[in-house]
1. Are any residues in region B:67-81 surrounded by 18 or more Cβ atoms within 10 Å (Cβ to Cβ) and over 17 Å from residue B:29 (Cα atoms), and if so, which ones?
2. What about residue B:169, is it in contact with a helix residue (DSSP H, G or I) (Cβ under 7 Å, 6 or more places away or on another chain), surrounded by 20 or more Cβ atoms within 10 Å (Cβ to Cβ) and among the charged types (D, E, K, R)?
3. Within region B:137-149, take every residue that is in contact with a Phe, Trp or Tyr (Cβ under 9 Å, 6 or more places away or on another chain) and more than 9 Å from every other protein chain (Cβ to nearest Cβ) and give me the one that is surrounded by the fewest Cβ atoms within 10 Å (Cβ to Cβ).
4. Looking only at region B:144-191, which residues are more than 14 Å from the chain's Cα centre (by Cα) and among the charged types (D, E, K, R)?
5. How many of the residues in region B:46-76 are free of Cβ contacts under 8 Å to residues at least 24 places away in the same chain and assigned to a helix (DSSP H, G or I)?
6. Just name the residue that is nearest to residue B:155 (Cα to Cα) out of those in region A:6-65 that are basic (Lys, Arg), modelled with pLDDT under 85 and part of a helix (DSSP H, G or I).
7. For the subset of region A:62-79 comprising residues that are exposed (fewer than 11 other Cβ atoms within 10 Å of the Cβ) and of a type in the set (Gly, Ala, Ser), which member is nearest to residue A:52 (Cα to Cα)?
8. Among B:117, B:155, which is the only one that is among the acidic types (Asp, Glu) and modelled with pLDDT of 85 or more?
Amino acid sequence: MNDHKWKETEMNNQELGDEVEQALKNFRASVHAWSETELTRSRAVKAPRSSVWRWLAAPAVSWGAAAALALTAVGVPVAVHREHQVQILARQHADEQQRLRDAQEKAATQMAALQTAAMDDDKLLQHVDEDIRQSTPDAMEPLASLMSTSGEE
Amino acid sequence: MATVTTILESMGKQAVAAPEADFAEVARQYRPQVFRFLLASLRDADTAETLTQECLLKAHRNWAGFRGDSSVLTWLLRIAINLQKDHWRSRRLQFWKTTSANSVDADDAAQWLPSGESSPEAQVLARDQVRLVWAAVKGLSERQRTVFMLRHVEEMEIQEIAHTVGLSEGTVKAHLSRAVARVRAELGGKR
């Protein structure tokens, strides 16, 4: 300590009073002794944290991360559940659509079968008519022509 | 060109520093003072050591930008004070409060006395006085404590303290006055 500083300290200490001065002197000596002992003591020094870790350890970031974690913990299961529900609904819809398509196809097949059957009936009737026409005796021909003429009237 | 030695000799008082000065030498010279200040402020040797390392690391990174407007010690202590503030702030708002309180009690801190030639009675008296000063320091605000430590442990001048903590000299004197009044009250009350 230089002279100027020493004089200033002495002057201030006089203002402080003897007991306070002595106490502060002892306090200073005590801290210096403690510090010297601690400096020479071997201890495992933690490596300075990287800037990334310091950033992560910042209170605002910690609280933000905690909030995000809580949000994720609640949000992810809810989202997964909703996704599952949507998938189930989509599957049900697809099944319903398939059922409708099947029913339509079945109806169309039945209709075609009915149409085919109807055509067969027409052929049969035509055949019967032809047969009947052929089996009419010659003697009845004038009567038949007469019936047709009266029918037209 | 100034040599490293002359720069270091003048660094304690004057605003002189050159970029070519070896930072390792600066760290070697000022590490004990920075550590002592942090130890007295925190009463936790491990945290003081960690913050000292961080302070020197930060100083090393910014060494090229150090213009020498203040002494190297003032500059280093300013970094240390900011790190200490960050430390307390993060402790207050820490989400995961895993770090245990390592700071030693005022009674334990008072056990440290230089092995002088004084009598056992004088040693006991001194220890008691140191304990009472620690008790008074415990009741000081963060700023008052910093100013008190810089003045009465590091023996810095008022002007230097004002420059280090970024306060006016008047404010520093007011803080010191309150701190000493508390020490006086503690010493008077326990007599």
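1. B:81
2. On the way: in contact with a helix residue (DSSP H, G or I) (Cβ under 7 Å, 6 or more places away or on another chain): yes; surrounded by 20 or more Cβ atoms within 10 Å (Cβ to Cβ): no; among the charged types (D, E, K, R): yes.
The answer is no for residue B:169.
3. B:142
4. Within region B:144-191, B:169, B:173, B:178, B:182, B:184, B:186, B:190, B:191 meet the criteria.
5. 8
6. A:7
7. Once the filter is applied, the top-ranked residue is A:67.
8. The conditions single out B:155.
The values are calculated or read from the model by the stated rules, or taken from the named source; none is laboratory data. None of these values were measured; they are calculated from a predicted model. A quick note on method: Cβ atoms are made from the backbone with ideal geometry, for glycine too, and the neighbour counts reach across all protein chains shown.
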